[in-house]
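The values are calculated or read from the model by the stated rules, or taken from the named source; none is laboratory data. Everything numeric here is computed off the predicted structure, so don't read it as measured data. Glycine also receives a Cβ, built like all others from the backbone with ideal geometry; neighbour counts cover every protein chain displayed. Just so you know, the surface numbers come from the protein's heavy atoms only, side chains and all, with ligands and any DNA or RNA stripped out. Shrake-Rupley method; radii C 1.70, N 1.55, O 1.52, S 1.80 Å.
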Amino acid sequence: MSDKLDALFKPKAVALIGASQKELSIGNVIIKNLLYYKFNGPVYPVNPKVDEIRGLKAYPSILDVPGEVDLVHIVIPPPFVPEEVENCGKKGVKAIIVNTAGFAEMGEDGSALQRDFLARAKKYGIRVVGPNCQGIINSDPNFKAYCNFTFTFPDPGHISIVAQSGGVGAVILQAFYDMGIGVGMYASNGNGSDVSIPEIMRYYGNDDNCRVVVLYVESLDDPNEFMEVAREVSKKKPILAITAGRTDKGAEASRSHIGGLAGSISMELIFRKTGILTFPNQEDLCHAAVAFSYQPIPKGNKVGIITNTGGPSVIAIDELVSHGMELPPLSDAAAATLKETMLESASIHNPLDVVATAGSVHFKSALEVMMNEPQFDSIYINFVTPPFVDCESVAREIASAAGEQKKPIVCNYMTDKQKWQGTSAILKAGEIPCFDFAETAARALSALERYSRIRSRKEGKVTVFPDVNRDTVNEIIQNALKHKKEVLTAEEVYNILEAYNIPVADWRMAHNESEATRCASEIGFPVVIKVDSEKFIHKSDVDGVAVNVKDAAGISEVINRMQKNLGHDINFFIQKFLPSNRELIIGAKAEAGVGHIIMFGLGGIFVEVLKDVAFTITPVTDHEAGELIHSIKAAAVLRGFRGEKGVNRDVLVEVIQRISMLVTDFPAIKELDLNPLFAYQNSICAVDARIIL
Ligand code: ADP
Ligand code: MG
């Protein structure tokens, strides 16, 4: 398939502006790398001061190069870059990798130079990678393009890597190399001034050779573009990413309002929303990538285990089960077959212990049964190499079973790789993902299953509630903005919530005792009296909340006390006193370029001590709202336990979606906190709310 990034990843000829004879220079190393990796086309060093570099004729200018050039590296100092880009345009170059640093990352002068060369590139339709970057690699034997100054030379493979940080990218590339696993394409785009990470992701998505995309990204220039592309690609093939900055999110949220949230959460939420598989560390990510590059995606979470050693399967089962995998029993028919074919001492169950003396016939039968048993979606193997067994023929059986590509196989291969080189080679040629530890193999297999779940998950729909009153909210917000007011009054907040039919306890505003008494009799005793003032954000901290006020005398006492302690300029928020059942918190926080992050959790000790909150990104679909509720640790409390009735899930889903709609309709809302909401069996009611613009 032809694509606008072909000139970059599939160049026919490469030139290097700033080529150098100095061995320890980027302008020399890139040429060395291209030659060493056996680039499939001409390499043209450009340097007006020398005649040849590494045996190649050097040209004074890109305009002097005789043949067509589609890709150019530029490694000269920043001030000279714009002019050379101009020359590239005249030459008909299609893509440029600017390796040189010292542009936008260095302040205004650098930014100006970057804008200058980009404008020139654009004029000629040239695509630019970088500046301040490594470049690309394509291991395809038709190209063998090592347009990069690093030092790891991958064999062809089905994993493709795109990294914002060249450092991380290079580490991952080397990790695959050390495991003997090939890589298809590699790109590190530095400042990302033109060719963006999403564009590269899409390119990998369209590349038939690529089976899995490894992504490292720390920040997004355009979250919307990223999300759109990630959604599109993750449906076709897995995208694997690290979640950086996973420091205790709950700790921030435990201040029980959403304002303190770390920005890094949003990256994880974007990954989740768009179907990117996340990993806590580079190691797990690399292992999973190996499994994806070789094996098909399982249909479900049911795994059959074949083992020739006891202990590792105990460890594997713990790991598999903790990742949501299940081990169904063998069917009667399968057990009967295996009784015939296995050694006497074998244990005919799942896990199927073929015992250490098992040879190829036993493995063959075990694999056949598991491959054909419909209740297994994948096969996990513990294979230790006993010195009294013909291990090469066992490996051949495993490879041949995997060759059918019916169900994924992952192997915990326990051996001395020096002594069992033949066996190892057979497993490698058979594309069996092999790992030294049971946990590692189990986690890699679980990742395949996780992707299968992601790919088949329901996205759900964003409910658009027709019964909302946008004009009311708009008027309140415009008025506040006009007066440069950030914290809305209780009256404004509750009017906004009511306009979006978000249930709140019955309320009135009062300025003095007599108004408060009248309001209370309208609402009906008992009531709650709260101070309403910009000065007191946390009302109970200043003794500004009086609950269960039963009569007029109580009102008089509370109002006088609050006026005395908090000043006479305060207003009073009179609210129906509600029986407290389960307290929930829901928050929303604006996140640049993303929309809003929505937080959900149980109030009280659940948030303050257990930090048990979950997050998602707007617009929240019905399905996502359900998952959000489900994903807190205390979800069971909401479902009801020990005779306690649960809380109707649909009611919760609706409130979350209404809040999502409110903040989406009004991006000016910077923070919205409902803390607490009281949840009952069939209804929910906010008793405290705050909005900051
Ligand atoms: P703040 O969070 O500013 O201190 P709240 O309005 O949340 O003030 O009130 C503090 C606590 O008082 C709430 O967490 C809740 O337990 C209780 N409370 C508030 N309003 C009501 C009400 N209408 N009915 C019953 N209890 C309430
Ligand atoms: Mg509160």
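Considering only segment 29-38, I want to know if a residue exists there that is closer than 16 Å to Ile96 by Cα and touching a Leu at 6+ places or on another chain (Cβ under 8 Å). Checked segment 29-38: at least one residue is closer than 16 Å to Ile96 by Cα and touching a Leu at 6+ places or on another chain (Cβ under 8 Å).
In segment 150-161, the residues that are modelled with pLDDT of 95 or more reach residues that are among the charged types (D, E, K, R) with C-beta atoms within less than 6 angstrom, at least six apart or across chains, in these pairs: His158/Arg211.
If you take just the helices (runs of 4 or more DSSP H) that sit entirely in segment 436-521, which of them hold at least 2 residues that are in contact (Cβ under 8 Å) with a residue 60 or more places away in the chain and under 30 Å from Asp551 (Cα atoms)? Even if it seems obvious, please write down each step before you answer.
Numbers: elements: 438-456, 470-482, 490-499.
Correct list: 490-499.
Taken as a whole, the structure places Leu220 among residues that are at pLDDT below 95 and buried (at least 19 other Cβ atoms within 10 Å of the Cβ). Among the residues of segment 653-666, some residue qualifies, meaning at least one is over 21 Å from Ile477 (Cα atoms) and not β-branched (Val, Ile, Thr). For the criterion of being among the β-branched types (Val, Ile, Thr), out of contact with any helix residue (DSSP H, G or I) (no Cβ under 9 Å at 6 or more places or on another chain) and within 16 Å of ligand 2 (Cβ to nearest atom), Val687 passes.
Selection within segment 658-693: residues that are farther than 27 Å from Ile529 by Cβ and of a type in the set (Lys, Arg). The member of this set that is nearest to ligand 1 (Cβ to nearest atom) is Lys670. Could you tell me which numbered condition Phe376 fails, if it satisfies all but one of (1) part of a helix (DSSP H, G or I); (2) more than 30 Å from Ile172 (Cα to Cα); (3) in contact with a Gly (Cβ under 8 Å, 6 or more places away or on another chain)? (1) is the only condition that Phe376 fails.
A search for C-beta distances below 6 Å between a residue of segment 111-129 that is open to solvent by 60 Å² or more (accessible area, probe 1.4 Å) and any residue that is among the hydrophobic types (A, V, I, L, M, F, W, C), counting only pairs 6+ apart in sequence or on different chains, returns Arg120/Val85. When Tyr186 is tested against (1) buried (at least 18 other Cβ atoms within 10 Å of the Cβ); (2) more than 24 Å from Met227 (Cα to Cα); (3) of a type outside the set (Val, Ile, Thr), just one condition goes unmet, and that condition is (2). Scanning segment 538-557 for residues that are in a helix (DSSP H, G or I), free of Cβ contacts under 8 Å to residues at least 40 places away in the same chain and either more than 14 Å from ligand 2 (Cβ to nearest atom) or open to solvent by 60 Å² or more (accessible area, probe 1.4 Å) (or both) yields Ser540, Asp541, Ala552, Ala553, Gly554, Glu557.
If you go through segment 420-434 and pick out every residue that is in contact with a strand residue (DSSP E or B) (Cβ under 7 Å, 6 or more places away or on another chain) and open to solvent by less than 10 Å² (accessible area, probe 1.4 Å), you end up with 3.
Among residues of segment 1-22 being among the aliphatic types (A, V, I, L, M) and within 21 Å of Gly184 (Cβ to Cβ), the one that is surrounded by the fewest Cβ atoms within 10 Å (Cβ to Cβ) is Met1. What pairs come up if the first residue lies in segment 660-677 and is on the phi > 0 side of the Ramachandran plot, the second is acidic (Asp, Glu), and their beta carbons are under 9 Å apart, counting only those six or more places apart or on different chains? Here the result reads none, with nothing in segment 660-677 linked to a residue that is acidic (Asp, Glu).
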